[in-house]
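Below is one structure; the comments refer to it alone.
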Amino acid sequence: MSNAVIDHLKKRRTQYALGRNVKLDKQALNNLIQEAIKHTPSPFNSQSSRAVILFGEQSVKFWTLAKEALAKIVPAEAFAQTAAKLDSFAAGVGTVLFFEDQDVVKGMQEKFALYADNFPVWSEQSGGMAQFAVWLALADAGIGASLQHYNPLVDDAVRAAWNVPASWKLRAQMPFGSHENGFGEKAFMDDGARFIVAG
């Protein structure tokens with residue numbers, strides 16, 4: 001059985017080898033990313049997900065800041081490999097920095113006190129869906145990406161560099177660009193160990 005949604009899901013793979021040979025221009029990419037986030041579900045339509053979308057030299061700047069932060073904690077003998085990985089992210093067209101607005105979370109906790117303990121969890125779930133929605137939209141457009149997590153190591157530098165509101169909590173980073181390498185076979189665990197079907 002063929003299913004278009006499943007076919008699109010299969011296109012989404014982690015791509016570390018990024019380039020700048022993409023057909024979409026900056027405005028089209030920006031629109032694609034924003035639309036994906038806008039139409040992501042959120043608890044009580046709270047819309048807590050935020051993003052800083054970096055292109056070109058601004059994206060390179062982020063990965064330079066990440067490299068500077070990591071140089072302080074990664075052993076010198078291992079840093080060359082770390083630097084090469086960050087350079088591969090900087091080689092793409094851009095980077096999406098994903099945030100969750102904690103003021104929104106707190107506001108929902110106050111408004112719906114019965115569910116107060118759940119809103120931080122729901123915010124993380126919504127943020128994860130926003131990340132996946134963007135990744136899926138990029139993949140469908142033939143653009144490679146990966147999901148990285150250099151927070152909280154880079155949080156202060158990001159806040160200062162792009163005037164990010166204090167209530168925005170950095171959750172993930174997604175470098176994106178053209179596919180400069182193929183993919184190996186993806187392995188899956190046995191369905192019997194993963195799913196329980198009843199009824």
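The values are calculated or read from the model by the stated rules, or taken from the named source; none is laboratory data. Predicted model only: the values in this text are computed from it and were never measured. Here Cβ is always computed from backbone atoms with ideal geometry, including for glycine, and neighbour counts include all displayed protein chains.
Listed conditions (1) under 19 Å from Asp155 (Cβ atoms); (2) surrounded by fewer than 19 Cβ atoms within 10 Å (Cβ to Cβ) are all met by Asn30, apart from (1). Looking across Ala166, Ala133, one residue alone is without any contact (Cβ under 8 Å) to a residue 12 or more places away in the chain and under 21 Å from Gln47 (Cβ atoms). It is Ala166. Filter the stretch 1-22 down to residues that are farther than 21 Å from Val60 by Cβ, more than 16 Å from the chain's Cα centre (by Cα) and part of a loop (DSSP other than H, G, I, E, B) and give me whichever is modelled with the lowest pLDDT. If we take residues in the stretch 1-22 being farther than 21 Å from Val60 by Cβ, more than 16 Å from the chain's Cα centre (by Cα) and part of a loop (DSSP other than H, G, I, E, B), then Met1 is modelled with the lowest pLDDT.
If I go through the stretch 27-57 residue by residue, how many of them are in contact (Cβ under 8 Å) with a residue 40 or more places away in the chain, assigned to a helix (DSSP H, G or I) and of a type outside the set (Val, Ile, Thr)? Residues meeting the conditions: 6. Mind checking which residues of the stretch 58-114 are over 28 Å from Asn30 (Cβ atoms) and in a strand (DSSP E or B)? Passing the criteria: none in range. Where residues in the stretch 130-156 are surrounded by fewer than 17 Cβ atoms within 10 Å (Cβ to Cβ) and in a helix (DSSP H, G or I), which of them is farthest from the chain's Cα centre (by Cα)? Checked the stretch 130-156; the qualifying residue farthest from the chain's Cα centre (by Cα) is Asp156.
Test Ser88 against the criterion of being closer than 21 Å to Asn163 by Cα and not charged (D, E, K, R), and give yes or no. In short, no.
Which count do you get for residues in the stretch 1-26 that are touching a residue at least 24 places away in the same chain (Cβ under 8 Å), farther than 15 Å from Ser178 by Cα and of a type in the set (A, V, I, L, M)? Residues that pass the stated criteria total 1. The residue that is farthest from Gly94 (Cα to Cα), among those in the stretch 33-74 that are of a type in the set (Ser, Thr, Tyr) and under 16 Å from the mean Cα position of the chain (by Cα), is Ser48.
In this structure, does Lys67 turn out to be without any contact (Cβ under 8 Å) to a residue 24 or more places away in the chain and crowded, with 16+ Cβ neighbours inside 10 Å? When the stated conditions are applied, Lys67 passes them.
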